[in-house]
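The values are calculated or read from the model by the stated rules, or taken from the named source; none is laboratory data. Source: prediction; values computed, not measured. All Cβ positions, even for glycine, are placed from backbone atoms using ideal geometry, and neighbour counts span all protein chains on display.
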Amino acid sequence: MVYSPTGLTDDVIRMETGLPDKAMFRRVVGLVQRFEGSIIYAAGWRVEGMGMESQVFMALMKVRQNYTHLHLAQLFSCSTATVANVVKTFIHSLHNLLFKTMMAAVPSRIKNRESMPASFLPSASNCRIIIDCTDIQVAAPKEMDKAKMVYSAYRGMHSFKVLIGVAPNGVITFCSSLFPGSVSDKAIKRQSGLLDHLEAGDLVLADKGFLISDIVPEGVSVNIPPFLNHGKFTESEVKATKEVARNRIHVERANARIKDFRILNMIPSHLRSSVNILLQLCCALVNLQQPLIKEIGSTLSVT
């Protein structure tokens, strides 16, 4: 019996794809079907014996659960060559539709105010983005120079680093390309392209490692927790630390959701060339999940 999304419950769809329910899955399938005629398959031949819904389902299962091609071939009663063709094709197609099309620009601070959580008011009402770097572990390259480049001494592993940015409401609005693990957070911020999106009057929230006030465009403010001086925080510094931490935690929770996609647990050598697309697709899929922040009256509920 072929594994099909048709008879599956919302819970199973959520487990297998990372999407919140069957309704959202069907919306994604519908979006892909609109461009079905223009899809070019990675292997050069079209998959005829499997419907579009099943092909999208298979690709999402690979991203979410990182099942082996052999396991997926058994579930869908097809060859591993078909699995490889479908997965590669639809990872690229979904990336184009969900990331390139929907996440091309960082919303303005004016746009952010339409969904601004109460915790940002009034002190951070001009927040444009909350940023953080996170690491994606990769298999150590065989070449010594490449292995050294991707080794993160801070994390103690070979990795790529990415700059993630979220709006105050927790939606991911920026995902940079990946950088070798040895590159500093400040250098990533400079080279990521995020600076091109910022304008005078914007506020950026960041961690202590982001000493970037000297490289942001003129008129852009950077708010990081204060550093400890003389062994004790002042009362105002304690307050400032709590405010930044309370608002910064949304980007950390977004990063945790991204890493729930198991294909990012350890990037093997053969996927290294596709890791940017995989990561950015995972960011887009996170944005289709239930909201990270639900506002209830004047309080916040973080999901």
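For MET24, state whether it is out of contact with any Lys or Arg (no Cβ under 6 Å at 6 or more places or on another chain), buried (at least 18 other Cβ atoms within 10 Å of the Cβ), under 22 Å from LEU271 (Cβ atoms) and not assigned by TED's automatic domain parsing to the domain that holds ASN265.
Answer is no for this residue.
Kindly indicate whether LEU278 is assigned by TED's automatic domain parsing to the domain that holds ASP185, modelled with pLDDT of 80 or more and not in a loop (DSSP other than H, G, I, E, B).
So LEU278 passes the test.
Quick one: in region 169-211, of everything that is in contact (Cβ under 8 Å) with a residue 60 or more places away in the chain and assigned to a helix (DSSP H, G or I), which residue is farthest from MET266 (Cα to Cα)?
HIS197
Would you confirm whether or not region 101-110 contains a residue that is out of contact with any Asp or Glu (no Cβ under 9 Å at 6 or more places or on another chain), under 22 Å from SER274 (Cα atoms), at pLDDT 95 or above and not β-branched (Val, Ile, Thr)?
Among the residues of region 101-110, not one is out of contact with any Asp or Glu (no Cβ under 9 Å at 6 or more places or on another chain), under 22 Å from SER274 (Cα atoms), at pLDDT 95 or above and not β-branched (Val, Ile, Thr), which makes the answer no.
Quick check on region 132-168: of everything there that is aromatic (Phe, Trp, Tyr) and assigned to a strand (DSSP E or B), which residue is surrounded by the fewest Cβ atoms within 10 Å (Cβ to Cβ)?
Across region 132-168, the extreme among qualifying residues is TYR151.
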